[in-house]
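Inspection log for the structure reproduced underneath, given as structure tokens.
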Amino acid sequence: MKQSAGLVLYRFRDDVVEVLLGHMGGPLWARKDAGGWTIPKGEVEPGEDARSAALREFAEELGVPAPAAEAPDLDLGTVRQRAGKLVAAWAREADLDVTAISSNTFALEWPPRSGRMQEFPELDRAGWFPLARARGLVVAGQVPLLDRLEERIAAGAAGGVGAAPPGAVPPGTVRGEARDDTRDDAPGT
């Protein structure tokens, strides 16, 4: 079974939580906004742990390494997308200038049945979005990850100063899982 892993960057702007999303590249997504955005993620390679894959994929898809974390990453668990792929994700509070992303590429025969292979960026742009708006932009299978992020941030705020980081999960802990029945796979993700 295919497994992907991703890292959700989040930040606070005027007490509003914003998340970093990437717009899926290529001609199949060029005119799609709602449902055309994703967290930076990609497939876990054989022998690679999911968290390392999340950090590697972040760098590959955005062209820069993930900013350093000042606190432990939040474990957002795993979701199962309609096609059966598992997506594990973590969240990190950090800022990133998205004006100059440089994504890796994938090959696609385009136009279909033309015999002509073309290279397209996995992500053609990135942006920061308030959580409420982000839920309407990401592929449906990733909405539970944003919901979990919001819950963990709220739990941390309720914990007060000095509270344990919300959602910090020791290595080896069983991660939560949700199932999604919408199709939202894209090439290379």
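In the range 86-98, is there at least one residue being at pLDDT below 90 and over 15 Å from the mean Cα position of the chain (by Cα)? Checked against the condition, which is being at pLDDT below 90 and over 15 Å from the mean Cα position of the chain (by Cα), the range 86-98 yields no hits at all.
Of all positions in the range 64-87, at least one carries a residue that is within 22 Å of F120 (Cα to Cα) and either surrounded by fewer than 19 Cβ atoms within 10 Å (Cβ to Cβ) or basic (K, R) (or both). Candidates are the residues of the range 97-151 that are acidic (D, E) and out of contact with any Leu (no Cβ under 6 Å at 6 or more places or on another chain); the one that is nearest to H23 (Cα to Cα) is D124.
For the range 102-139, what are the residues that are in a strand (DSSP E or B), surrounded by 11 or more Cβ atoms within 10 Å (Cβ to Cβ), over 15 Å from the mean Cα position of the chain (by Cα) and of a type in the set (A, V, I, L, M, F, W, C)? First the steps, then the outcome.
First pass over the range 102-139, keeping only residues in a strand (DSSP E or B): 105-109, 117-121, 123-130, 138.
Now narrow it down to the ones that are surrounded by 11 or more Cβ atoms within 10 Å (Cβ to Cβ): 105-109, 118-121, 123-130, 138.
After this cut, where a residue has to be over 15 Å from the mean Cα position of the chain (by Cα) as well, the list is 105-109, 118-121.
Across the range 102-139, the qualifying residues are F106, A107, L108, F120.
For the structure I just gave you, tell me whether G77 is small (G, A, S), in a loop (DSSP other than H, G, I, E, B), at pLDDT 95 or above and farther than 30 Å from P111 by Cβ. So G77 fails the test. Selection over the range 34-51 of residues that are charged (D, E, K, R) and more than 23 Å from D95 (Cα to Cα) gives a count of 4.
The values are calculated or read from the model by the stated rules, or taken from the named source; none is laboratory data. Since we're looking at a predicted model, the values are computed, not measured. Note: ideal-geometry Cβ built from the backbone for every residue, glycine included; neighbour counts use all protein chains shown.
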